[in-house]
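The values are calculated or read from the model by the stated rules, or taken from the named source; none is laboratory data. A quick note: this is a predicted structure, and the numbers were derived from the prediction, not measured. We place every Cβ from the backbone using ideal geometry, glycine too, and count neighbours over all the protein chains shown.
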C-alpha cells in the first residue's frame, strides 16, 4: 500500500473546452450532405464549349473534394469560437494536490 508523501492546497482553473474532433467530424458530415444537395440540383446537359456530360457520380466526387474540407474547416472554426466564449466562464478552485509514491 502506498502512502501520500505530501499534500498541499493549490489553485486550479476549471473550464469547459469543446471537443474539436466532434465539431470537425460534424462539419465533414455537413459537407457530404451539401455535396449531395449540389449534385441533385445540378443539370446534366452537354456543355456548349466542350460537348461533355459529367455523370452524377463524378459531380458528387468533385463536390466532395471541395465541400468536405470546407466543412471540416468551418467546424474547427466554430469550435475555436466556442472555446473563446467559454473562456469567459473559467472558474478558479482550490484543490488538494497529493504526490503518491508507489513502493515496489
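Somewhere in region 5-17, is a residue in a helix (DSSP H, G or I) and under 27 Å from the mean Cα position of the chain (by Cα)?
no
Take residue 86 and decide whether it is touching a residue at least 60 places away in the same chain (Cβ under 8 Å), surrounded by 13 or more Cβ atoms within 10 Å (Cβ to Cβ) and in contact with a helix residue (DSSP H, G or I) (Cβ under 6 Å, 6 or more places away or on another chain).
The answer is no for residue 86.
Does residue 8 fit the bill of being surrounded by 11 or more Cβ atoms within 10 Å (Cβ to Cβ) and in contact (Cβ under 8 Å) with a residue 12 or more places away in the chain?
No, not satisfied.
Restricting the search to region 60-94, which residues are over 21 Å from the mean Cα position of the chain (by Cα) and at pLDDT 90 or above?
60, 61, 62
Just to check your reading of the model, which residue among 32, 38 is in contact (Cβ under 8 Å) with a residue 24 or more places away in the chain, surrounded by 14 or more Cβ atoms within 10 Å (Cβ to Cβ) and either out of contact with any helix residue (DSSP H, G or I) (no Cβ under 6 Å at 6 or more places or on another chain) or not in a helix (DSSP H, G or I) (or both)?
Matching residue, one of 32, 38: 32.
For residues that are in a helix (DSSP H, G or I), without any contact (Cβ under 8 Å) to a residue 24 or more places away in the chain and surrounded by 11 or more Cβ atoms within 10 Å (Cβ to Cβ), tally how many sit in region 52-64.
Qualifying residue count, region 52-64: 5.
Please specify each residue of region 11-29 satisfying the condition of being modelled with pLDDT of 90 or more, within 30 Å of residue 93 (Cα to Cα) and surrounded by 12 or more Cβ atoms within 10 Å (Cβ to Cβ).
20, 23
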